[in-house]
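Here is the structure we will look at.
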Amino acid sequence: MLLRVAPLLFVLFWSTGFIASKVGATHAEPFTFLSVRFLLVLAILIPWAVWRKTAWPSLPVMVQAGLTGLFIHTAYLGGVLWALRDGMPAGVVAVIVSTQPILTALLAGPLLGEWPGRRHWAGLGLGLAGVLLVFAPKIADVSVGEVLGGFGLFSAFAALLGITLGTLNQKARGMSGDLVALTIAQYSAAFASSLIIAGLSETMVVDWTAEFAAALAWLVVVLSIGAIGLLMLMIRAREVSRVTSLFYLVPPTTALMAAVIFGETLSIVQIVGILFVMAAVFVIRPMAAQAPAKR
């Protein structure tokens, strides 16, 4: 039952993360923000693991889970926040990381033996076109200087590579073991790395306000525990390239949420883009009934 509703819940949860991160990032620097967030996640998960008498996997499995955490949490989340703080337009960052389903599909064949078929590729292309249309109004007036200035572009591509390698590593080496234990290993590595980066490059000053606390609480419980748990569950049960295609639904869902919460209007182009993305996921999802093609 959980697997049936997991895609819908994941998209809804993950989409709220961009809004909450936008609020939280105004009160703390990127890796300082992530360090606090990951520490709070561990403060919840470790006592829970002790209470439920979690069976801990072997050290090699925990190390691989930690590597996944470095990719998904430190590299991806840190890369996105750093790019935005460096002045990279949000629409450009979103478009770059939205190519993740295609990059994952390209690498899943040689690395995992999961070779997407023509219908899957058609769906991925349609989904990317939809994402571009959704973000078209936000990137129409972006100058070359805004994209190439500073380290924003490098950070955005580091985020793309991080989320891609993290999901692939989770599928390849994170298939066994208790999910709570594996999640603790992920966040332990992410916390340590984020804290080191923050200590070396940031002031580590946090503006503790009610707004920041609310955004942080949402990110810790709903995103870092809820959404990541669902993502790990789906990757364990399904083809990784099919799971990551759900990321195409995040930009239009976030746009719809922003329209409701912040009163932002949606243009005709954006509405068409949303329809493209919905069609893309419809094209890709029937592939679940088929076994992945082998070569």
Only one of I44, I72 is within 22 Å of A189 (Cβ to Cβ) and within 18 Å of the chain's Cα centre (by Cα), namely I72
Problem set entry | Condition check for I96: buried (at least 19 other Cβ atoms within 10 Å of the Cβ) and touching a residue at least 24 places away in the same chain (Cβ under 8 Å) | yes
Listed by first then second residue, the pairs whose first member lies in the range 22-34 and is over 15 Å from G87 (Cβ atoms), whose partner is in a loop (DSSP other than H, G, I, E, B) and hydroxyl-bearing (S, T, Y), with beta carbons under 7 Å and at least 6 positions apart or on separate chains, are H27/T209
Heads up, the helices (runs of 4 or more DSSP H) in the range 88-147 (entirely inside) with at least 2 residues that are touching a Pro at 6+ places or on another chain (Cβ under 9 Å), within 23 Å of K22 (Cα to Cα) and of a type in the set (V, I, T) are 118-139
Only one of (1) at pLDDT 90 or above; (2) in a helix (DSSP H, G or I) does not apply to T203, and that is (2)
Test result for L70, modelled with pLDDT of 90 or more, part of a helix (DSSP H, G or I) and within 30 Å of Q270 (Cα to Cα): no
Would you call L8 over 15 Å from S224 (Cβ atoms) and buried (at least 16 other Cβ atoms within 10 Å of the Cβ)?
-> no
Only one of (1) part of a helix (DSSP H, G or I); (2) out of contact with any Gly (no Cβ under 7 Å at 6 or more places or on another chain); (3) at pLDDT below 95; (4) not charged (D, E, K, R) does not apply to V36, and that is (3)
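Residues are listed down the side, and each one gets a yes or a no for (1) within 21 Å of G166 (Cα to Cα); (2) among the charged types (D, E, K, R); (3) surrounded by fewer than 17 Cβ atoms within 10 Å (Cβ to Cβ):
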position	(1), (2), (3)
P47	no, no, yes
W51	no, no, yes
G69	yes, no, no
D86	no, yes, no
V92	no, no, no
Q100	yes, no, no
P116	yes, no, no
R119	no, yes, yes
Checklist entry - Has the range 232-239 got any residue that is surrounded by fewer than 20 Cβ atoms within 10 Å (Cβ to Cβ) and touching a strand residue (DSSP E or B) at 6+ places or on another chain (Cβ under 8 Å)? => result no
Just checking, does the range 12-31 include any residue being closer than 27 Å to T203 by Cα, in contact with a Ser or Thr (Cβ under 8 Å, 6 or more places away or on another chain), assigned to a helix (DSSP H, G or I) and modelled with pLDDT of 85 or more?
yes
Taking the range 159-179 and keeping only residues that are surrounded by fewer than 18 Cβ atoms within 10 Å (Cβ to Cβ) and not in a loop (DSSP other than H, G, I, E, B), one is left with L161, A172, R173, L179
Result of the Cβ filter at 6 Å on the range 211-223, keeping first residues that are farther than 17 Å from I44 by Cβ and partners that are crowded, with 20+ Cβ neighbours inside 10 Å, at least 6 apart or interchain, is F212/G24
Taking the range 238-266 and the residues there that are outside any helix (DSSP H, G or I) and in contact with a Leu (Cβ under 9 Å, 6 or more places away or on another chain), the one that is farthest from V131 (Cα to Cα) would be R238
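The values are calculated or read from the model by the stated rules, or taken from the named source; none is laboratory data. Note that the structure is a prediction, hence the values are computed from the model and not measured. Positions of Cβ are backbone-derived with ideal geometry, glycine not excepted, and every protein chain shown enters the neighbour counts.
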